[in-house]
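Each reported figure results from applying straightforward, stated rules to the coordinates on display, with no laboratory input. This structure is a prediction, so every number in the text was calculated from the model and none was measured. Here the Cβ positions follow ideal geometry from the backbone for every residue, glycine too, while neighbour counts run over all protein chains shown.
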Amino acid sequence: MSTSAELVQRQLDAYNNQSIDAFLACYADDAVLAGLNGDVTQVGLAAIRKRHEDLFYEYPRNHAKLVNRIDLGTTVIDHERVERAPGGDTFEVAAIYTIRNGKIARVDFARAGAN
């Protein structure tokens, strides 16, 4: 497993544990979150923190299961199945991580069924 894939896995583990500080430690200060071929939704750690604190509050049992990972070095693509709560709403997403200087610099999300 490459160092990029290890970084993405640490981030996924922190997400599933809802450990906001460990999660953010994986991201560059100026990291960007965006919809694939769409709008940028968050820029910088403060905005990413706010998004995820709100998400963790609303869905305290949220969990993302890794279905498949493609490791291309500085780009890592995860196919994840997200469950908001046991037996609750689920959806699938592809998260395309761009790694720069040992941190996640950008994530582009493609959600199944989204236009």
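So which trypsin sites (Lys or Arg not before Pro) in region 1-86 end up in coil per DSSP with only 12 or fewer other C-beta atoms within 10 Å?
R61
Pick from F23, F56, F91: which residue has the top mean-square fluctuation in a GNM of the chain where Cα pairs under 10 Å get a spring?
Highest fluctuation of the listed residues: F91.
Please arrange E83, E6 by counting, for each residue, the other beta carbons lying within 10 Å of its beta carbon, fewest first.
Sorted ascending by nearby Cβ count, the order is E6, E83.
Calculate for the chain the 222 nm mean residue ellipticity that helices alone would give, adding -39,500 (n - 2.57) per DSSP H run of length 4 or more and normalising by residue count, nearest 500 deg cm²/dmol. Provide the component values of the computation, followed by the final result.
Numbers: 3 runs with 34 residues, N = 115.
Rounded to the nearest 500, the figure is -9000 deg cm²/dmol.
Fewest to most neighbouring Cβ within 10 Å: what's the order for E92, E58, E80?
E58, E92, E80
In percent, what relative contact order does the chain have, based on Cα pairs under 8 Å that are 6 or more apart in sequence? Each step should come with its number before you reach the end.
Numbers: 213 pairs, mean separation 30.3, N = 115.
Across the chain, relative contact order equals 26 percent.
What does the extension gain come out to for N17 and A112, with contour length at 0.36 nm per residue minus their alpha carbon separation?
31.8 nm is the gain from fully extending N17 to A112.
Looking only at region 85-115, which residues have a backbone nitrogen under 18 Å from a spot 7 Å from the Cα of H79 in the C-beta direction?
Residues passing the 18 Å test: 90-97, 108-114.
Treat the chain as a sphere of radius equal to its Kirkwood radius over Cα pairs and apply Stokes-Einstein at 25 °C in a medium of 0.890 mPa s; give the translational diffusion coefficient in µm²/s, rounded to a whole number.
Estimated diffusion coefficient is 173 µm²/s.
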